[in-house]
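Chemist: This is the structure I want to talk about, given as structure tokens.
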Amino acid sequence: PATLATYCLMLGDDALVLSQRLAQWCSNAPDLEEDIAFANIALDLLGQARLLLARAAAADPGQVPALPAGSPVPDEDRLAFFRDGPQVRNVRLAEIDDGDFAQAVVRVLLFSAWRLELFTDLVRSRDAVLAAVAAKGVKELTYHRDFAGRWFVVLARGTAESRRRLVAGLEAVWPYRDELFATHGVERAAAQAGVGVDPAGVEARVEAVLDQALGAAGLERPDVRPRSGVQGKAGRDGRHTEALSLLLAEMQSVARAHPEGRW
Amino acid sequence: PATLATYCLMLGDDALVLSQRLAQWCSNAPDLEEDIAFANIALDLLGQARLLLARAAAADPGQVPALPAGSPVPDEDRLAFFRDGPQVRNVRLAEIDDGDFAQAVVRVLLFSAWRLELFTDLVRSRDAVLAAVAAKGVKELTYHRDFAGRWFVVLARGTAESRRRLVAGLEAVWPYRDELFATHGVERAAAQAGVGVDPAGVEARVEAVLDQALGAAGLERPDVRPRSGVQGKAGRDGRHTEALSLLLAEMQSVARAHPEGRW
Amino acid sequence: MSVTAEPQSVPESALEEQFHATIARKDRIEPRDWMPEAYRRTLVRQVAQHAHSEIIGMQPEGAWIGRAPSLRRKAILLAKVQDEAGHGLYLYSAAETLGVSRAELTELLVTGRQKYSSIFNYPTLSYADVGTIGWLVDGAAICNQVPLCRTSYGPYGRAMIRICKEESFHQRQGYELLRTMMRGTDAQRAMVQESVDRFWWPSLMMFGPPDDASPHTARSMAWGVKTHTNDELRQRFVDMTVPQAEALGVTLPDPDLAWNEQRGSYDFGQPDWDELWAVVAGDGPCNAQRLAHRTRAWREGAWVREAALAYAERERAEHEEEAA
Amino acid sequence: MSVTAEPQSVPESALEEQFHATIARKDRIEPRDWMPEAYRRTLVRQVAQHAHSEIIGMQPEGAWIGRAPSLRRKAILLAKVQDEAGHGLYLYSAAETLGVSRAELTELLVTGRQKYSSIFNYPTLSYADVGTIGWLVDGAAICNQVPLCRTSYGPYGRAMIRICKEESFHQRQGYELLRTMMRGTDAQRAMVQESVDRFWWPSLMMFGPPDDASPHTARSMAWGVKTHTNDELRQRFVDMTVPQAEALGVTLPDPDLAWNEQRGSYDFGQPDWDELWAVVAGDGPCNAQRLAHRTRAWREGAWVREAALAYAERERAEHEEEAA
């Protein structure tokens, strides 16, 4: 149960943190259609996060932060708002700053192409909840990937400026790619137990999708090396970038000011 | 004692909030000398804030936020880290975003010219602590005002670009000027009790200082109207700009995560 | 939502007679129909101002998406702000049927030549404001907007039907948030009261100045663009809201508020109209901030819109080549 | 703090003999003195790298000034980061005595042609990191730097004396923060341990690669620029730190750490040198972020520096006119 719970936190935190980032576009996007599209993606990911955090709490109540006796805060919110950075398990790709619209597009493309393949396999999880989350998520992630893929090509083939920015975005985001496929012990154990998916197993399929997008855009893979972690550990171990603690400080500020609040 | 305490919070919050803003320049200033100068000003204001918050707590312990029994958090930190926006009493000038260096210079000039005149009179407060804080502060604020005044002239007479930015900064900051001299009920009561200073009484002296700076810079007073409050209430009543709640969210995040922490 | 227009001329042509007959039998004017230039200009201004209000209105609530204190509330708020973007879309589309583009209207907004609802020049200072905006601000907007569903211009009226449906959903959500918070801690109850204290008067101002100071009301009503006076709508809002405030357990900050048995309505005090004029003139607490935010987002997105245009042009050219 | 230089040539001139004699009797070389070009270049690089390290080093700690959890700690941290700016100033001044300007050196930094200490490419992830950086990182820096107070180049050595004094003050403050936190809540103790787990190995890497992989050590020692080998300094640091960790109540994350009675020193494991090389090559967790931050601040400040220059020029011209 601890493995299942931690595994759910990993997938849930990926969605929660990226949802938080993407929601920042709302009222800041290049046009209303993109305000709406980013909000849609953020809402889908938030929905996934809620189901996954609730599943984590049910699987292992011991991982849910304690609050003052009688606090009405539900489990999903305890997990979202009362954990500190080292307990948060998302990959670093989900937390880095968005930069400009081009960088946001590249990040969503990479993230959703990867997560879509994970969820495609996760549909066969022995855990019925995870399987159901994955089945619902596959449809959502297909839309996210296609939205980002379309803009990827538009920006690559739009103007010289948009192409320049897209290439810069690609170089900024790509160093976080390898981490997506580095199997964590918990992921391995979850895969062996038949409840989770080993990310290393989806790498080839994700690569094929990305190569297709790069091809349509007339771009090469960026010539950048992976960003190292700290003593080999990264997001899945709670070793994040500095961006996460500021993201959490904002996200958790109201909830933490009212640990016994009803909302 | 409630009047004295609230009055100390007003002066203390002005210093605390502006200190927080100015500290953001550290590692972001145009050159090392300004990194150091902004840090100096921020440190001086932080020192003033600590003395004033401690005085407020001593004058009226009822205004100090309660924490779990046995919490070792000292009064000054309870006041700084465990009040919400509506309890925070600074003028809005202290909390607005810095914008660029020019806007920061204008803000510091306006703030320190005003506060220097307040403190010059506050030296005669019947409250010995306030009088001592003011006496120490007069020296500090003279330096702050002169630092900002020097840059005010340099930017005005430097390049066309720096002059353009200075004028823009002046127009952005000036609408918060009137609030500095609008006497709040607590300020009036404190002045009548001989412990505080009525800000309306220092307006003419502050104007003279600003006119001198404008003259040296070859600039007119900006042609902008004051920024209204909400039903006539503003910072001194806890009715702030949206910038303050984000500033507090960041500033209070670690302290609030550990209400029983020792630091 | 004030409207300004040229003095109305006496009907001269058959077209103009037809136009007035359509209005008189409460039918809709459609984009293909003839309409007086003053009517078109009035409508463009009103619809654009309404669209701008939706878009600027994303900011005060959007500021709290990142800080929503529960995941459920985060989803509700994000969906609501997204709806506002959607409302902006419908309304800009309605304006486009009158011959002006979204880009033109946005330029008029960011250069300060068109307005938006002054309520959004007040700051949001706590999460309770999300609830209060839903309850009071959306509530007042609905009072203003429900009559607009029957407005004489077809595309505008149909957009309003959809918008009003979503707005009343938002209003219920806002009220529900406040009700939940009132059942929470003392600090939460204080937060709700503080928020209501700030938003009550600005909400009353949303109906515009008193009738005797509203010069365009008569003409707009004759055109069927407006169907009730400012004071009528304001009274309706107060009568609707006071019992809700009692149910909620909050105090409305008006010492003159009292039930008038004779009128069968509540008497209430006057907002600070000087403050309204200051806010309308651009000196409200957030005017500069709202406009700067929208301008920045619009300018920063220019390269993306240009890229999309260039890409679409290229695609079209390639398709035409293939077709040839 | 690695140094690279041309192969040393045999002394030929009287000047060169004098230079070596000065070094041999442990006197200082001063700016007016003749010095071999390779010595000058080595020094410029080392002093610049040291200055850059102070300036880049402001970022990881500076990130927490805004979130310091007590006003006392906020003041301490702000003053410390300010000291780092001051150290940068002295060191750039020392470099300027060798004929290079601060602006030139900063351009070399932001364009990636000069380095800074790799330790600052690790992120700060909690407030405990402020303490750990003081204790371990400043501690390691002091071990590296105390010998530099006796370095052969006068301005550098004198800057180091002042810097070392302040650094040991910072180190004590960092240790004191951790000690206070260890007396706090369980969550605080866990935070300290997590921080030490992350910073222990990078601190050991601060002494550079093992001696057998450090090609320039011999030459730098001969020139009196360096006075101890990397491994000597690393051992000294470990021996100093282990008892402090015990007093603190934290576990250093090295299973091989053990007292060696015979050597009278601690045995310890090897850091992951591959990670060090990756970080040095630019692929550490924060290299891109640190450089982007410094570049942005420097570029954004350009108009201010230009304005100051233009103003100074004008003032000078006016004064000359008056004098004439």
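Chemist: Consider only pairs whose beta carbons are under 8 Å apart and that are at least six residues apart or on different chains; among these, list those whose first residue lies in segment B:25-39 and is more than 8 Å from chain D (Cβ to nearest Cβ) and whose second residue is assigned to a helix (DSSP H, G or I) and surrounded by fewer than 22 Cβ atoms within 10 Å (Cβ to Cβ).
Modeler: Here the result reads B:Ala37/B:Phe147, each pair linking segment B:25-39 to a residue that is assigned to a helix (DSSP H, G or I) and surrounded by fewer than 22 Cβ atoms within 10 Å (Cβ to Cβ).
Chemist: Just give me the residues in segment A:1-24 being free of Cβ contacts under 8 Å to residues at least 40 places away in the same chain and open to solvent by 10 Å² or more (accessible area, probe 1.4 Å), in sequence order.
Modeler: The answer is A:Ala23, and nothing else.
Chemist: Let me ask another. Going residue by residue through segment C:271-279, is there one that turns out to be more than 30 Å from C:Arg150 (Cβ to Cβ), in contact (Cβ under 8 Å) with a residue 60 or more places away in the chain and open to solvent by 30 Å² or more (accessible area, probe 1.4 Å)?
Modeler: Checked against the condition, which is being more than 30 Å from C:Arg150 (Cβ to Cβ), in contact (Cβ under 8 Å) with a residue 60 or more places away in the chain and open to solvent by 30 Å² or more (accessible area, probe 1.4 Å), segment C:271-279 yields at least one hit.
Chemist: Has segment A:79-92 got at least one residue that is in a helix (DSSP H, G or I) and free of Cβ contacts under 8 Å to residues at least 40 places away in the same chain?
Modeler: Checked against the condition, which is being in a helix (DSSP H, G or I) and free of Cβ contacts under 8 Å to residues at least 40 places away in the same chain, segment A:79-92 yields no hits at all.
Chemist: Taking the stated definitions as given, is C:Val146 open to solvent by 10 Å² or more (accessible area, probe 1.4 Å), away from every other protein chain (no Cβ under 14 Å) and either at negative phi or out of contact with any strand residue (DSSP E or B) (no Cβ under 7 Å at 6 or more places or on another chain) (or both)? Explain how you work it out, then say what you get.
Modeler: Values: open to solvent by 10 Å² or more (accessible area, probe 1.4 Å): yes; away from every other protein chain (no Cβ under 14 Å): yes; either at negative phi or out of contact with any strand residue (DSSP E or B) (no Cβ under 7 Å at 6 or more places or on another chain) (or both): yes.
So C:Val146 fits the description; yes.
Chemist: Of the residues B:Ala243, B:Ala249, which single one is closer than 30 Å to B:Ala156 by Cβ, under 21 Å from the mean Cα position of the chain (by Cα) and among the small types (Gly, Ala, Ser)? Write out each step before concluding.
Modeler: Details: B:Ala249 fails: closer than 30 Å to B:Ala156 by Cβ.
Testing whether each residue is closer than 30 Å to B:Ala156 by Cβ, under 21 Å from the mean Cα position of the chain (by Cα) and among the small types (Gly, Ala, Ser) leaves just B:Ala243.
Chemist: Turning to a different aspect of this structure: Would you confirm whether any residue within segment C:49-56 is in contact with a strand residue (DSSP E or B) (Cβ under 9 Å, 6 or more places away or on another chain) and surrounded by 23 or more Cβ atoms within 10 Å (Cβ to Cβ)? Working first, answer last.
Modeler: Step one: list which residues in segment C:49-56 are in contact with a strand residue (DSSP E or B) (Cβ under 9 Å, 6 or more places away or on another chain), which gives none.
No, segment C:49-56 has no match at all.
Chemist: Being open to solvent by 10 Å² or more (accessible area, probe 1.4 Å), at pLDDT 95 or above and part of a helix (DSSP H, G or I) is the requirement here; does D:Gly66 meet it?
Modeler: Details: open to solvent by 10 Å² or more (accessible area, probe 1.4 Å): yes; at pLDDT 95 or above: yes; part of a helix (DSSP H, G or I): yes.
So D:Gly66 fits the description; yes.
Chemist: Taking segment C:73-90 as the region of interest, how many residues are closer than 15 Å to C:Ser168 by Cα and among the hydrophobic types (A, V, I, L, M, F, W, C)?
Modeler: Within segment C:73-90, residues that are closer than 15 Å to C:Ser168 by Cα and among the hydrophobic types (A, V, I, L, M, F, W, C) number 4.
Chemist: Report whether or not B:Val173 is more than 27 Å from D:Ala307 (Cβ to Cβ) and either open to solvent by less than 10 Å² (accessible area, probe 1.4 Å) or within 11 Å of chain D (Cβ to nearest Cβ) (or both). Step through it out loud before you land on a result.
Modeler: Values: more than 27 Å from D:Ala307 (Cβ to Cβ): no; either open to solvent by less than 10 Å² (accessible area, probe 1.4 Å) or within 11 Å of chain D (Cβ to nearest Cβ) (or both): yes.
No; evaluated as a whole, the condition is false for this residue.
Chemist: Test A:Ala58 against the stated conditions and say whether it is surrounded by fewer than 24 Cβ atoms within 10 Å (Cβ to Cβ), closer than 28 Å to D:Gln188 by Cα and either out of contact with any Leu (no Cβ under 7 Å at 6 or more places or on another chain) or modelled with pLDDT under 95 (or both).
Modeler: On the way: surrounded by fewer than 24 Cβ atoms within 10 Å (Cβ to Cβ): yes; closer than 28 Å to D:Gln188 by Cα: yes; either out of contact with any Leu (no Cβ under 7 Å at 6 or more places or on another chain) or modelled with pLDDT under 95 (or both): yes.
Yes: the conditions hold for A:Ala58.
Chemist: Still on this structure: Give the residue that is farthest from the other protein chains (Cβ to nearest Cβ), with candidates limited to residues of segment D:48-82 that are more than 17 Å from B:Val17 (Cα to Cα) and of a type in the set (S, T, N, Q).
Modeler: Among those that are more than 17 Å from B:Val17 (Cα to Cα) and of a type in the set (S, T, N, Q), it is D:Gln49.
Chemist: What number of residues within segment B:242-257 are at the interface with chain D (Cβ under 8 Å from one of its Cβ atoms) and open to solvent by less than 20 Å² (accessible area, probe 1.4 Å)?
Modeler: Here the count works out to 3.
Chemist: Within the set of pairs 6 or more residues apart or between chains, which connect a residue that is closer than 18 Å to D:Tyr153 by Cβ inside segment D:10-21 to a residue that is at pLDDT 90 or above and open to solvent by 50 Å² or more (accessible area, probe 1.4 Å) with Cβ atoms less than 6 Å apart?
Modeler: As it stands, the answer is D:Leu15/D:Trp34, since those pairs meet every condition given.
Chemist: Might you let me know whether segment D:291-306 holds any residue that is touching an Asp or Glu at 6+ places or on another chain (Cβ under 7 Å) and in a helix (DSSP H, G or I)? Before you say what the answer is, go through the steps one by one.
Modeler: If we filter segment D:291-306 for residues that are touching an Asp or Glu at 6+ places or on another chain (Cβ under 7 Å), which is where we start, we get D:301, D:303, D:305.
Subsequent filtering for residues that are in a helix (DSSP H, G or I) retains D:303, D:305.
Looking for residues that are touching an Asp or Glu at 6+ places or on another chain (Cβ under 7 Å) and in a helix (DSSP H, G or I), one finds at least one in segment D:291-306, hence yes.
Chemist: Can you name every residue in segment A:116-169 that is open to solvent by 30 Å² or more (accessible area, probe 1.4 Å) and of a type in the set (Gly, Ala, Ser)?
Modeler: A:Ala128, A:Ala132, A:Ala135, A:Ala160, A:Ala168
Chemist: Right, D:Asp267: under 29 Å from the mean Cα position of the chain (by Cα), open to solvent by 20 Å² or more (accessible area, probe 1.4 Å), away from chain B (no Cβ under 12 Å) and under 24 Å from A:Leu93 (Cβ atoms) or not?
Modeler: Values: under 29 Å from the mean Cα position of the chain (by Cα): yes; open to solvent by 20 Å² or more (accessible area, probe 1.4 Å): yes; away from chain B (no Cβ under 12 Å): yes; under 24 Å from A:Leu93 (Cβ atoms): no.
Answer is no for this residue.
The rows are residues; the columns are (1) among the acidic types (Asp, Glu); (2) surrounded by fewer than 16 Cβ atoms within 10 Å (Cβ to Cβ); (3) under 19 Å from D:Asp283 (Cα atoms); (4) within 14 Å of chain C (Cβ to nearest Cβ).
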site: A:Leu180; (1), (2), (3), (4): no, no, yes, no
site: A:Ala189; (1), (2), (3), (4): no, no, no, no
site: A:Ala200; (1), (2), (3), (4): no, yes, no, no
site: A:Leu214; (1), (2), (3), (4): no, no, no, no
site: A:Glu220; (1), (2), (3), (4): yes, yes, no, no
site: A:Gln231; (1), (2), (3), (4): no, no, yes, no
site: A:Gly235; (1), (2), (3), (4): no, no, yes, no
site: A:His240; (1), (2), (3), (4): no, no, yes, no
site: A:Pro259; (1), (2), (3), (4): no, no, no, yes
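Chemist: Let me ask something additional. Hey, A:Ala80 hits all of (1) within 14 Å of chain C (Cβ to nearest Cβ); (2) open to solvent by 10 Å² or more (accessible area, probe 1.4 Å) but one; which does it fall short on?
Modeler: Here A:Ala80 clears every test but (2).
Chemist: Name every residue in segment B:40-59 that is touching a Ser or Thr at 6+ places or on another chain (Cβ under 8 Å) and either within 8 Å of another protein chain (Cβ to nearest Cβ) or in a loop (DSSP other than H, G, I, E, B) (or both), in order of residue number.
Modeler: B:Ala42, B:Leu43, B:Leu46, B:Ala49
The values are calculated or read from the model by the stated rules, or taken from the named source; none is laboratory data. This structure is a prediction, so every number in the text was calculated from the model and none was measured. Here Cβ is always computed from backbone atoms with ideal geometry, including for glycine, and neighbour counts include all displayed protein chains. When the accessible area is computed, the model is the full protein with side chains, heavy atoms only, and any ligands, DNA or RNA have been set aside. Shrake-Rupley method; radii C 1.70, N 1.55, O 1.52, S 1.80 Å.
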